[in-house]
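Okay, structure first, notes after.
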2 protein chains.
Amino acid sequence: MSSGLDPAIAARLKRTPDGLVAAVAQQRGTGEVLMMAWMDDEALHRTLTTRKGTYYSRSRQQYWVKGETSGHTQHVHEVRLDCDGDTVLLVVDQVDGACHTGDRTCFDADVLLAES
Amino acid sequence: MSSGLDPAIAARLKRTPDGLVAAVAQQRGTGEVLMMAWMDDEALHRTLTTRKGTYYSRSRQQYWVKGETSGHTQHVHEVRLDCDGDTVLLVVDQVDGACHTGDRTCFDADVLLAES
């Protein structure tokens with residue numbers, strides 16, 4: 001698909017069968033892992049150029065800017081690509097809850113295995 | 001595919017087209033995001049029952065236990081599923097580097113956007 005993403009970055013991405021990379025958002029300072037969402041090339045391009053966390057919804061098949069409707073915005077301080085190119089780590093300042101449920105993080109509610 | 005995973009957990013997973021969820025490993029205490037790899041139901045089952053980070057390689061199409069060859073093992077303290085079921089967060093104790101390059105994390109080497 002056509003995107004404004006720097007071709008040198010695009011060439012390093014290793015995408016899922018539906019053309020996406022995983023994007024993990026982490027709160028700057030505290031290190032909390034806030035959420036994981038998906039990006040295609042264009043979502044990554046928009047995130048890099050606007051410093052607003054911008055993702056691609058698999059279910060709705062559209063772009064969304066974190067906080068655009070909720071006000072729970074994400075200012076992006078850093079973006080790092082991992083060694084095999086299938087994940088980006090965003091270091092952000094998250095306003096209020098990152099989760100659509102109102103929780104601070106998307107990982108607060110469902111513990112599959114408790115602290116040993 | 002058949003797996004030993006608890007059906008109540010399996011029912012909450014929202015997988016990629018190739019049947020995987022994203023697994024993010026975070027160092028306990030420091031909060032460092034170490035790596036992201038993939039799990040199918042069986043890899044998640046093995047991780048939950050052994051407390052050893054166990055993943056599924058998309059390229060090699062096989063299971064791998066973190067540190068099995070390198071010695072850089074991952075003891076899993078907690079596993080949390082996110083609100084939409086497509087990602088698990090593992091809180092781990094990582095021995096030495098998590099990255100196959102020898103870096104502490106898989107996100108150390110490639111900065112796409114620097115601190116603003």
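Any read-out appearing in this document is the output of simple, stated calculations on the displayed coordinates, not a laboratory observation. Just so you know, these numbers come straight off a predicted model, no measurement behind them. We place every Cβ from the backbone using ideal geometry, glycine too, and count neighbours over all the protein chains shown.
Just a few scattered comments:
- For trypsin sites (Lys or Arg not before Pro), the sites in segment A:1-88 that DSSP calls loop and that have at most 10 other Cβ atoms within 10 Å are A:Arg60.
- Here segment B:51-116 is described by how far its Cα atoms reach on the three principal axes: 37, 33, 26 Å, from widest to narrowest.
- A viscosity of 1.567 mPa s and a temperature of 4 °C, combined with the Kirkwood radius over C-alpha pairs in the Stokes-Einstein formula, give the protein assembly as shown a diffusion coefficient of 73 µm²/s.
- In chain B the longest region clear of GluC sites (Glu not before Pro) that are loop-assigned by DSSP and have at most 13 other C-beta atoms within 10 Å covers B:1-67.
- The distance from the alpha carbon centre of segment B:45-116 to that of segment A:32-76 is 23 Å, rounded to a whole number.
- Segment B:57-65 - phi-based ³J(HN,Hα) in whole Hz, Karplus 6.51/-1.76/1.60, Gly and Pro as x: 7, 5, 6, 8, 6, 8, 6, 9, 9
- Calculated translational diffusion coefficient of segment B:7-94 (4 °C, 1.567 mPa s; Stokes-Einstein with Kirkwood radius over alpha-carbon pairs) equals 100 µm²/s.
- Where a label projected 7 Å from the Cα of A:Asp6 along Cα→Cβ would reach, residues of segment A:25-57 with amide N under 11 Å: A:48-49
- Angle between chain B longest axis and helix B:41-50 axis [Cα atoms, degrees, rounded to 10]: 70
- Set of segment A:92-110 residues, backbone N closer than 15 Å to the point 7 Å along the Cα-Cβ line of B:Lys14: A:99-102, A:106-110
- For the protein assembly as shown, the dipole from Cβ point charges (+1 on Lys and Arg, -1 on Asp and Glu) about the Cα centre works out to 240 debye, to the nearest 20.
- Mean ellipticity per residue at 222 nm, deg cm²/dmol - from DSSP H runs of n ≥ 4 across chain A, formula -39500 (n - 2.57): -3000 deg cm²/dmol
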